[in-house]
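Each remark here refers to the structure printed beneath this line.
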Amino acid sequence: PPAHSRSDWIGPPDKHSNLRPVIFYVPPEESALERRLREARQEAQASNQRFWARHNRAFRQEKEEFIYSRLKAKGLEMRDESGQKATLNAEEMADFYKDFLSKNLKKHLQYNRDWYKRNFRITFLMGQVALVRALRWLRRRKKNVEQ
Amino acid sequence: GLFVWRLRSTGVRQIPHRFVHLYHIANDRSITFQYFNFLKRMYVTQYNKDLSQRAKPKSDSIVSPFHELRQLDQEKKVVHKISPVSPVHQSWSETSSRNELREMKSAAETEDSVIPVGAGSKEDRQWKEMKLRLDDLPGILARLSKIKLTALVVSTASTGFAMAPVPFELTRFLVASLGTGLASCAANSINQFFEVPFDSNMNRTKNRPLVRGQISPLLAVCFAASCGVPGIALLTLGVNPLTGALGAFNIFLYTCCYTPLKRMSIANTWVGAVVGAIPPIMGWTAATGSLDAGALLLGGILYSWQFPHFNALSWGLREDYSRGGYCMMSVTHPGLCRRVALRHCLALIGLSTVAPVLDITTWTFPIISLPINLYISYLGFRFYRDADRSSSRKLFFCSLWHLPMLLLVMFTCKKSVLEKEDKGDLPGRSRERAMEIRLP
């Protein structure tokens, strides 16, 4: 993002987590409340990034392992004569999907709780910041009118 | 040859822009799309990730995506495959018919070394300023409120209103429709507010406004409140308290029950089916002011319809659901998934037969609707037996036109109020009189 910009910038989805990173603008006259908001957002971003990158990587890895083991059981190699990667059809993959989902259910429940808490907190802080800014703007306007 | 990519984007003004990009992309061969993802986006339009999201009932306008799909036969499409870090395949293939489409193996998905959530256009790969532009706002809010799905929900409610055995009142009808629409917008916005990281990880939903940072969560919540509160107020004060209560309950059910439940248990599908069944009930109560058997029947028809519709659709999204942590029958209990879909297809036949018994329609309704109900049941049976992608797709697409057609037939077979009076049908007449007293 350009140096003179006064707003946050959001980027393309991350390769591993599929989440879009945000670069937060730090205004020189940032209040304590605004700082709390920014830090909460940064923390949430980092935590989300960690979770999904790890989760997706695990998914990819376990999927590879599953395909490999299934192919081996069938007596096939990972790549056939033409060099193409051998794959399993959707029905065979279904076992893997079911298994993966149940294995990770607890992890997801925990993550859900965390995410909801963070989301509410961030939104609440945003509300507070917006309110403070609005009041400040009104006060300034009143002063201008009086002058 | 000329490769034309026909994007069904939400913003029409974006299309020419995209075309230019696509010609560049075509030359670069650097960014590729999976045709399957494209298809997913096409037929999942009303679905929402929530297609992973819950479907709210649809109505007449659903026919359009189906027609669009038909046009695929005539169009040449470019099929891209995502070029991963370790290049596996970089090939261009041209699909000119839906048959070739079916031959698209899921191999395309498994070959990638990076989770293919879709590369997006070149535009997507840039850094964007997170500043709200007022001229973008209508489009953003439309996408946030899932305006197309909302329109379908409203049309289902309108059908409920129209089927009620009372004289048609235009203002009441409009107020009820508007209130329902606003309530639906609110519910959809809150749903998206809750699901940002999950939406990012699923192909169907990764282009939502909150995911892309086009709008802040605070604004999304404010928008939801500014739709929901007036919507429910309009229903409660402008129509009747019962409809308002149903509307509020439906918002609660969708946002606070269905949405979190999606990640906890497969029961979410049943809850979601109730969410879909309530709008026509609301339409009916808006007209009559009471919860009659007719309202429940209409709700029941929509409730049953949800299952073949959703279960068939979710069959093709198992990978995304599994990775995203969504508890769906198609992943955890595939046999149950197919059984339930079939069961409810058959239930539709039963419910259609009950309609004339309750004096809502004439006996021509079950007779005329039998062919389409039998057809969807047949597809449901095929899905049950074959359990593969093609049967699930067939069932899903059938459900898209089945519902509007069923509702239309129902409306045309509606038992005329006069007819009931002539037959000396006491309950009908007394209700008429009660209506006259109640109406201002």
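Structural remarks
- Residue ranges of helices (runs of 4 or more DSSP H) in the range B:149-244 with at least 3 members in contact (Cβ under 8 Å) with a residue 12 or more places away in the chain and away from chain A (no Cβ under 14 Å): B:170-194, B:217-233
- The requirement of being of a type in the set (Asp, Glu), touching a Leu at 6+ places or on another chain (Cβ under 8 Å) and either closer than 23 Å to A:Asn48 by Cα or surrounded by fewer than 24 Cβ atoms within 10 Å (Cβ to Cβ) (or both) is satisfied by B:Glu169.
- Applying the criterion of at least 3 residues that are closer than 23 Å to B:Ala187 by Cα to the helices (runs of 4 or more DSSP H) found wholly in the range B:247-344 leaves B:268-288, B:293-315.
- Subset of the range B:346-356 [free of Cβ contacts under 8 Å to residues at least 40 places away in the same chain and of a type outside the set (S, T, N, Q)]: B:Leu346, B:Ile349, B:Gly350
- Condition met for A:Lys106 (without any contact (Cβ under 8 Å) to a residue 12 or more places away in the chain, more than 9 Å from every other protein chain (Cβ to nearest Cβ) and closer than 30 Å to A:Arg70 by Cβ): yes
Each reported figure results from applying straightforward, stated rules to the coordinates on display, with no laboratory input. In this text the structure is predicted, and so the values were computed from the model without any measurement. Note that we place each Cβ from the backbone using ideal geometry, even for glycine, and neighbour counts take in every protein chain shown.
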